[in-house]
Amino acid sequence: MRSTTTAAPRARTGIRRTRLATASLASATALLVFSAGAAQAHHGFDDFDTDRLYYIAGTVSQVRWGEPHSYFTVTVEEGLPADTPEHDLPDGLRDAADSDPINAAPSYGGSHDELAVTIAPPSFTSMWGLDRKLDGGERVEAVGYIGKSHNDEFRPVVFWVNDGQPVNQVLNEELPAEPLPVPYPQGDASPSDADQDAPSASADSAGTSPVAVWAALGTVVVAVITGGAFYLRARSRRT
């Protein structure tokens, strides 16, 4: 009779511990998902003016290939056509809502001879039409967006290599926003060169390595689990 009386509280304590451990793990998982989503949003199109698409073409240099994004510099060619030349588009961008703005994108006419280009990491680019690293001296064409606060930065929605091979750059296979009709309104077209002294957005992204991101997420998980363990110990002592 005595052992039965003792076993019941122990069973209830075990159930409480299981529930609390499950809650701790669920909280850790939710924090991981939220943090990863925030990191992904940081490396999206938010830093670029998605109201206006531009066409560029030029020579590649300073290639950095890897996660969470690849980067390279394009020396913009002189004498670009008025708008995007006729090229094949990836399957996901062939609907008129996407293809019409891309084909109508005017050529870049800004003050920079070189643009810092951000593209998707190899894990995505290899599935979207390019399974190799770009080479220095290689010619690329692209349609995409100029940076909001740094107008020497460029983020393509599609680019072309090998004289016309399309490489998709949008995760959902659609433009992230509906661009303004061409010709674009004057007066607020793009950020001024006065902002160029501020830290570069692409440099910030480059400094945010996967190791740093996952180390931060791991710290959050450890903190949550440790807190749950202390709570369980305190509860068990009271019972």
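Computed from the coordinates by the stated procedures, all read-outs in this text should not be read as laboratory data. Remember, it's a predicted structure, so these values are computed and weren't measured experimentally.
So for the range 54-161, considering every pair of alpha-carbon atoms, how many percent are separated by more than 22 Å?
Values: 1594 of 5778 pairs.
Here the tail beyond 22 Å accounts for 28 percent of pairs.
Whole-Hz Karplus ³J(HN,Hα) for the range 170-179, in order, using 6.51 cos²θ - 1.76 cosθ + 1.60 and θ = phi - 60°, x for Gly and Pro?
10, 4, 8, 6, 7, 4, x, 7, 7, x
Skipping prolines and chain starts, which residues have an amide H placed within reach, meaning under 5 Å, of the one on ASP83, given they are 5 or more residues away or on another chain?
Counting only residues 5 or more places away or on other chains, the set is SER107.
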